[in-house]
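Nothing in this text is a laboratory measurement; each read-out follows from the coordinates by a stated rule. Here the structure is a predicted model, which is why all the values come from computation and not from measurement. Note that we place each Cβ from the backbone using ideal geometry, even for glycine, and neighbour counts take in every protein chain shown.
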Amino acid sequence: MRTCIGGEEPEFCLRALHKGYRVYLYPGVVIRHNRTPVARNLRKTARYYIRNEALVGLRYFPFPYSVLRFFNTLPAILRNPEWNAQWRSLVRGWLEATLVCGPLGTLASASIAS
């Protein structure tokens, strides 16, 4: 699975774990993503963000954990007024992910094997 505009870090770590690498968490390390001075398409960013979060959950986590992972992202989305205005894009992103994986992550075991 390849993601763009968000979701690449967790997906990369899950693939590394599957191949036998160790992944470490350093809570003291902060990574900041500076905003670009060039305007981005907020609608597209919101859609890809939720799509990629859903794809990672549906592909790498069995049901019901995949759905719980998705709902875990909702508070961050709901706190962001810019993304609240893009609710159609968020719904579209979720639908795209479920079309690829099925509503319950039916490709979860197949994607880990690849």
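Per-structure values
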quantity: Paramagnetic label zone (point 7 Å from Cα along Cα-to-C-beta, residue 18; backbone N under 16 Å) in the stretch 58-82; calculated: 58-63, 66
quantity: At most 14 other Cβ within 10 Å, DSSP loop - GluC sites (Glu not before Pro), the stretch 1-91; calculated: none
